[in-house]
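Asks: What follows is a structure written as structure tokens; I'll ask about it next.
The values are calculated or read from the model by the stated rules, or taken from the named source; none is laboratory data. The structure displayed is predicted, hence computed values, not measured ones. Quick reminder, even Gly has a Cβ in these numbers, built from the backbone with ideal geometry, and neighbours come from all protein chains shown. These accessible areas exclude ligands, DNA and RNA; they are computed on the full protein's heavy atoms, side chains included. Shrake-Rupley method; radii C 1.70, N 1.55, O 1.52, S 1.80 Å.
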Amino acid sequence: MMRREGKPSSAEESHCSTNRALDQGRCRELVTPDESEDSDIAQRRDGSATGTGVPMRNHDGSVMLDHRGRVVYRSQFLSTHPIRSECKERVGYAGRKFTYVSGDGVIRNMNAAFGSGGWGSAITMERLVMNEKDSQGRWVIGYITTVRVTLENSVSHEDCGSGEGINNNKTQAHEKAMKSAVTDALKRACRHFGERLGNGEY
């Protein structure tokens, strides 16, 4: 049985009627259909797995509108870049900073786009790749996992992730490593559904 992800706390940025997106440090307005395009025709279009033509909803159930008062469709929402509040930075190799979308940000956007009951995830593989103590006597645990994300219409994507946990307590080290690996794999699987889910950050 497919495990459903729980709905996280709401974020106004994900549901506001005026969406702005992160584009190399600059905010960019959400691209909307041509003003002359008939809304009924646009709503009937369904040319992609992400559900083109499905209108987005705000947290109160109303239809999401852009700054011009036009309906925002799911395909448009997913094609925008992540907003700043959903992005974090980490320091990588050679001191270089990397931007990534947080795990709760990805889940929040999946729930906004597909509904909390419209998608699910399952761990398809987990492997312990590191289990040793460091020079300070702490446990260093590493896992790699693969996670499959499936939509209600059976469209799915699968990707891998890794995680590391360091702790004096072996159980806690395992827990941190597994959680990190699953979250990493989940985010990488979700990114295949659109730029809003962090595809441009990998």
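Asks: Name the one entry in Leu197, Leu128, Leu151, Leu186 that is under 28 Å from His59 (Cα atoms), in contact with a Phe, Trp or Tyr (Cβ under 9 Å, 6 or more places away or on another chain) and not small (Gly, Ala, Ser).
Replies: Values: Leu197 fails: in contact with a Phe, Trp or Tyr (Cβ under 9 Å, 6 or more places away or on another chain); Leu128 fails: under 28 Å from His59 (Cα atoms); Leu186 fails: in contact with a Phe, Trp or Tyr (Cβ under 9 Å, 6 or more places away or on another chain).
Just a single option satisfies the conditions, and that option is Leu151.
Asks: If I filter the range 72-85 for residues that are open to solvent by less than 50 Å² (accessible area, probe 1.4 Å), hydrophobic (A, V, I, L, M, F, W, C) and assigned to a strand (DSSP E or B), do I get at least one hit? Steps first, answer last, please.
Replies: Looking only at the range 72-85, we keep the residues that are open to solvent by less than 50 Å² (accessible area, probe 1.4 Å), and these are 72-78, 80-83.
Next, only the ones that are hydrophobic (A, V, I, L, M, F, W, C) stay: 72, 77-78, 83.
Adding the requirement that they be assigned to a strand (DSSP E or B) leaves none.
Checked the range 72-85: no residue is open to solvent by less than 50 Å² (accessible area, probe 1.4 Å), hydrophobic (A, V, I, L, M, F, W, C) and assigned to a strand (DSSP E or B).
Asks: Still on this structure, I have one more. Any idea which of (1) open to solvent by 50 Å² or more (accessible area, probe 1.4 Å); (2) among the hydroxyl-bearing types (Ser, Thr, Tyr); (3) assigned to a strand (DSSP E or B) is the one Thr150 doesn't satisfy?
Replies: Exception for Thr150: condition (1).
Asks: Let me ask you something else. Check off (1) assigned to a strand (DSSP E or B); (2) closer than 15 Å to Asn131 by Cα for His174 and give me the number that stays unchecked.
Replies: Status for His174: all satisfied but (1).
Asks: Can you run down the residue pairs with Cβ atoms below 8 Å, 6 or more apart or on separate chains, where the first is in the range 123-140 and closer than 15 Å to Lys176 by Cβ and the partner is exposed (fewer than 14 other Cβ atoms within 10 Å of the Cβ)?
Replies: Matching pairs, first to second residue: Arg138/Asn168; Trp139/Glu132; Trp139/Lys133; Trp139/Asn168; Trp139/Asn169; Val140/Glu132; Val140/Lys133; Val140/Asp134.
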